[in-house]
Structures are given as structure tokens and as C-alpha cells.
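The values are calculated or read from the model by the stated rules, or taken from the named source; none is laboratory data. Here the structure is a predicted model, which means the values were calculated and not measured. We work out accessible area using only protein heavy atoms, side chains counted, and drop any ligands, DNA or RNA first. Shrake-Rupley method; radii C 1.70, N 1.55, O 1.52, S 1.80 Å.
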Amino acid sequence: MTLTLEISVALATEQRIRSSNSKESFVSGVIDDVVKAIRQDPAVGGSADDLELTDGFRDRAAQARALSVDGKHAEALEILKTLVTEKPKWPEAHELKGRALEGLGQQNDATSAYLASLVLDVENAGTRQQLNKILSAMLPFSGTEQEMEISFTVTRMVDVSRQALKDLVPRIPAPDPDIPESNPEDDIPVYVLSPAFPNVTQPLHMYEQRYQLMVRRCMDSTKEFGMCEASTSGPWVLPPSILPHTMSSLYIVYVEGLQHMEQQ
């Protein structure tokens, strides 16, 4: 998922929460916003109209549908995973995958599958109804959300959007042999502001969605992140503790310098 799309989804979700006066209007509006953002991503490209489906593909989809109807969701899911990989622009395959996942109780993944299907076929009322139902159950809304509730909802929508995009663009181009391969385990996200100092705790006021998302992911994975000035590298910092600011959407994050980070 590109950073631009991630920020678009986060900002649209937060704006919908703050401007909606009912859960129904919030869920309906955020579906429209997120679908629009994903459809505008250059990586998605193409459309369901470009599909060339043989009888073999349709037969496998029919088999998966029958398995789901019989309650054999795990078997259906195995077929549908292959179909989605082979035909990522086929909305029916994504929708059936969503139903199988929902049958298995995997609500997050089901939401992503329904979202991918709706991106490809925005007029499909059945898919929209399923997505609306599952999001209404997943997302809190009272009209008086606190900052941490808003943060939870924003993170959830970014996560399901990220997975939907992966399903829509499953094939990754072969790596350039002249570019060293990146290891996600070794990659360190960087907060560009000022360097931290060893064993010194300092508060950071984070108001940008991209850095709030970065912090939440570090907390979820117990991963460290780096701090640096725009032209220098700084030390690593420990996974942060995070407290919501009571008067705004700012985060107050406390971090402590751990060791020097070398740029490679």
C-alpha cells in the first residue's frame, strides 16, 4: 500500500467519524471514501471489463460457492485464494472469498475481500450490503468518540485497505538484480525531526497521520524506530509508550535513545 493511499484512507476515515451524526451514515460514507481512494491508486489499474474467463475459472468459482453453502468454508477458501491470485480483477472471486472468510470467523480478512470486490464493481449492491454489515459490527461509533477510539477505527480501515490492495495487485515484479534486496526484519521506520540521545527520555507530539500509524505498528510488533534530522542519522529508540492528548488528535509519545543507527 502506498503512503499516499494510506494517508488518504486515514484522513478520510477520521473526517467521516468527526462529521457523521449516525453509525449508518458513517459506515456508508467511509465505504465510499475508501473505495474511491483505492480505485485512484495507480497500482490497481484495469477493470473487471478486461477479464477473460474460461469455463474452468467459472467452474472452480461455482465449486467454491457450493462448498461455502455446505459450510465447508476452509475448502472453499483454498480454491478462492488461487482464483484471486490468478484473476485479481475478478470481483466475484473476491466476494466469494469474503463469504468463505466470514464463514470461518475471519472478519478482518473478509472485510478486505469484500472491499476488493467493491473496488472492482462499485454497483454490486450485494457486496456493499455485506461490507456494510460487517463494518457496522466491527467499528465503534457513538458520535462522541474519544481520540483512542478514533485511532482504533482509522487503523482498522487502513489495515483492511492495505490487504484489499494486496489482493488486487498480487503479482510483484521481479527484483532488479542491481538493487540489494531489502529485508523487512532489518528495515527501520524513521521519524524525521531531530535525533534522540542515548538514555534520554523525550516527549514527541505527533499530529501527522503517517507518524501516528508508524508508532502504532511499532507498538503492535514491538519494533523500534529511528529518529534523525533531515540530513543526518540518529540513534534508535525503544518501542514507544503512547498517550492520547485530551484536547486534540495529537499523540504524546515518550521515547528513549538506545543506540546509534547507521544508514546503509
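Taking amide H positions as modeled 1.01 Å from N, with prolines and chain starts lacking one, no residue 5 or more places away or on another chain lies under 5 Å from residue 53. Close amide H partners of residue 190, meaning residues 5 or more places away or on another chain with modelled amide H under 5 Å apart, are 226. Across region 87-93, computed HN-Hα scalar couplings (Karplus, 6.51 cos²θ - 1.76 cosθ + 1.60, θ = phi - 60°) run 10, x, 9, 9, x, 5, 5 Hz from first to last residue, x flagging Gly and Pro. Residues 57, 152, ordered by accessible area of protein heavy atoms at a 1.4 angstrom probe radius and largest first, appear as 152, 57.
In terms of distances greater than 26 angstrom between alpha carbons, the cross-link table entries 36/97; 23/81; 23/87 yield 23/81; 23/87.
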